[in-house]
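The values are calculated or read from the model by the stated rules, or taken from the named source; none is laboratory data. This one's a predicted model, so the numbers in the text were calculated from it and none came from an experiment. Quick reminder, even Gly has a Cβ in these numbers, built from the backbone with ideal geometry, and neighbours come from all protein chains shown. Ligands, DNA and RNA are excluded from the accessible area calculation, which covers all protein heavy atoms including side chains. Shrake-Rupley method; radii C 1.70, N 1.55, O 1.52, S 1.80 Å.
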Amino acid sequence: MSSRTPNTDDIVRPMQSTAKWYYVVFGAASILALVWFGLWSIQLSRGLAVTNLADWGSAGGVTWGLYIGAFIWWVGIAHGGIILSAAVRLFGMKRYLPVARLAELLTIGALSMAGFYIVIHVGRPDRIVTSVVQAYPVTVHQSPLVWDVTVITMYMVMTLTYLGLTIRYDLARLRDDLPNILEPVYKVATIGYSEAEDEVIERIVWWLALGVIVMAPLLLHGGVIPWLFALLPSMPGWQGAIQGPQFLTIALTSAIAGVIILALALRRAYDWHHILTDDVIRGLTLWLGLFSLLFLWLQLQQVITGVYAAPLDQRSFAAAKVTNPYYQFAIGVVLLSLAYIFAQAVKAHLFSPMRSLAASLLVLAGTLTEKILFVFEGLEYPTFDMYYNTPGHYFPSPIEIGSLVGTIALCTLFFLVIVKVVPVIELHAIEELRGEGHSHVEGDD
């Protein structure tokens with residue numbers, strides 16, 4: 001049993017020294033990313049024909065598949081991450097202040113991967129400039145797809161502003177402990193800084209947090225993105241007002257799972273047990289359980305209304321959905337995670353960081369599988385007869401699966417680089433913990 005008090009040396013240690021594990025993980029992630037870029041180069045040279053997308057001869061005529069499903073998944077993680085950070089600041093949830101910046105950084109990393117999927121799915125990246133950007137002034141008035149791109153861009157700008165404002169405080173006070181090689185970067189980031197701005201920045205960040213919380217259900221993962229699907233009555237698997245709440249619960253569930261994984265990885269790597277405490281991990285795990293329960297409840301609503309006295313098209317889709325083994329896997333792993341979370345809430349001795357890590361990984365696997373199924377099954381079972389005589393069913397090609405591995409590797413590289421550049425635990429969190437006379441009994445993870 002040991003007790004430690006957090007200090008500034010803890011949060012600058014990742015930037016001052018590099019362990020062997022860092023090079024191993026960096027090397028492995030780099031290899032996976034390079035493999036993916038090699039696979040993508042094949043797609044660029046041969047076209048989207050190398051995937052099963054739009055293959056009328058064998059894939060049921062599906063034009064959207066893993067690329068769009070993974071895009072939604074990454075966007076959900078991003079939106080949920082910034083909502084978590086905004087809630088911490090807006091409602092004064094000081095207990096979770098150590099993970100607030102992790103959630104903000106997760107938002108930037110996940111949004112970057114979501115944007116990358118747009119480039120991948122276009123087929124020819126040059127069309128982003130020659131078609132999408134050029135036509136934007138017209139299409140923004142009439143295309144939900146362009147609304148999606150607009151909202152994501154706006155969210156990225158808000159998140160970067162949010163992070164940039166909060167990080168100036170840390171860089172100004174920790175300048176002597178930061179890497180000298182990055183001094184020009186830190187000078188640019190702290191141009192014009194004075195302590196007099198701290199109170200103003202705090203108010204600005206509060207209002208930004210309020211904006212994020214308000215926009216989340218109206219325009220972000222509870223609004224524009226589900227509208228892309230819910231407003232198509234010819235697709236019974238997509239249509240309906242329930243899609244907004246469903247997307248939002250999946251976003252929050254996935255983001256909290258991602259933050260738990262990040263927090264546990266960093267606390268193990270840098271011995272931050274006294275900062276990212278068991279109490280914080282347990283609290284995040286309980287929140288994960290709440291949003292997992294909401295996710296399952298909304299899934300149940302869709303299934304019940306689809307199989308009981310529903311129109312024939314809705315009944316056909318619902319039957320295909322519930323009998324799909326991949327859907328059963330998605331719901332099963334979330335149920336398994338929820339069972340553990342509720343059990344450890346009732347009997348505290350059942351909690352362990354490693355079990356929370358396993359539950360988080362299962363939840364992410366479940367939400368990703370559900371989103372991919374949501375996309376392509378919605379296309380395979382439309383109301384009209386266009387696809388009924390099209391043979392086969394869609395299954396992701398190796399190149400599509402490689403994109404998932406590649407984007408996870410790229411996001412990993414993003415965090416490996418960022419821990420060397422800025423403190424990923426903000427100084428305010430350390431000051432708050434020290435002010436409370438914080439102590440911690442280390443876990444066994």
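Residue pairs whose Cβ atoms lie under 7 Å apart, separated by 6 or more positions or on different chains, with the first residue in segment 210-236 and farther than 16 Å from T159 by Cβ and the second open to solvent by 30 Å² or more (accessible area, probe 1.4 Å) and among the small types (G, A, S), are A230/A241. When each of A257, A251 is tested for being modelled with pLDDT of 95 or more, open to solvent by less than 10 Å² (accessible area, probe 1.4 Å) and outside any loop (DSSP other than H, G, I, E, B), the lone residue that passes is A257. For D271, the criteria (1) surrounded by fewer than 24 Cβ atoms within 10 Å (Cβ to Cβ); (2) at pLDDT 95 or above hold in every case but one, which is (2). Count of segment 334-366 residues, restricted to those that are small (G, A, S), touching a residue at least 60 places away in the same chain (Cβ under 8 Å) and either closer than 30 Å to F71 by Cβ or touching a Phe, Trp or Tyr at 6+ places or on another chain (Cβ under 6 Å) (or both), is 3. When G237, G192 are checked against the criterion of being at pLDDT 85 or above, in a loop (DSSP other than H, G, I, E, B) and loosely packed, with under 15 Cβ neighbours inside 10 Å, G192 stands alone in meeting it.
Taking the numbered list (1) in contact with a helix residue (DSSP H, G or I) (Cβ under 7 Å, 6 or more places away or on another chain); (2) among the β-branched types (V, I, T); (3) surrounded by fewer than 16 Cβ atoms within 10 Å (Cβ to Cβ) in turn, V224 passes all entries but (3).
Just wondering, is there one or more residues in segment 274-293 that are more than 20 Å from V99 (Cβ to Cβ), out of contact with any Lys or Arg (no Cβ under 6 Å at 6 or more places or on another chain), of a type in the set (A, V, I, L, M) and open to solvent by 10 Å² or more (accessible area, probe 1.4 Å)?
Looking only at segment 274-293, we keep the residues that are more than 20 Å from V99 (Cβ to Cβ), and these are 293.
After this cut, where a residue has to be out of contact with any Lys or Arg (no Cβ under 6 Å at 6 or more places or on another chain) as well, the list is 293.
Checking which are of a type in the set (A, V, I, L, M) leaves us with 293.
Okay, now just the ones that are also open to solvent by 10 Å² or more (accessible area, probe 1.4 Å), so 293.
Yes; the residues of segment 274-293 include at least one that is more than 20 Å from V99 (Cβ to Cβ), out of contact with any Lys or Arg (no Cβ under 6 Å at 6 or more places or on another chain), of a type in the set (A, V, I, L, M) and open to solvent by 10 Å² or more (accessible area, probe 1.4 Å).
Residues that are under 17 Å from L362 (Cα atoms) and β-branched (V, I, T) within segment 276-324 comprise I281, T285, listed in sequence order. Scanning segment 294-309 for residues that are assigned to a helix (DSSP H, G or I) and either open to solvent by 10 Å² or more (accessible area, probe 1.4 Å) or among the aromatic types (F, W, Y) (or both) yields L294, F295, L296, W297, L298, L300, Q301, Q302, V303, I304, T305, V307.
For T166, state whether it is at pLDDT 85 or above and in a helix (DSSP H, G or I).
Details: at pLDDT 85 or above: yes; in a helix (DSSP H, G or I): yes.
Yes.
Entry remark, segment 85-119: residues being open to solvent by 30 Å² or more (accessible area, probe 1.4 Å) and either farther than 22 Å from V149 by Cα or of a type in the set (V, I, T) (or both) number 8 in total.
Residues of segment 120-132 that are of a type in the set (A, V, I, L, M, F, W, C) and surrounded by fewer than 20 Cβ atoms within 10 Å (Cβ to Cβ): V122, I128, V129, V132. Any residue at all in segment 200-210 that is basic (K, R) and at pLDDT below 90? Within segment 200-210, one or more residues are basic (K, R) and at pLDDT below 90. Selection of first residues in segment 16-33 that are under 18 Å from S403 (Cβ atoms) and of second residues that are surrounded by 11 or more Cβ atoms within 10 Å (Cβ to Cβ), restricted to Cβ pairs under 6 Å at least 6 apart or on distinct chains, gives the following pairs, ordered by first then second residue: A29/A409; A29/T412; A29/L413; L32/V405; L32/A409; A33/G406; A33/A409; A33/L410. Can you find a residue in segment 278-292 that is part of a loop (DSSP other than H, G, I, E, B) and aromatic (F, W, Y)? No. The set of residues from segment 98-135 being over 19 Å from G406 (Cβ atoms), among the hydroxyl-bearing types (S, T, Y) and at pLDDT 85 or above comprises just one member, T107.
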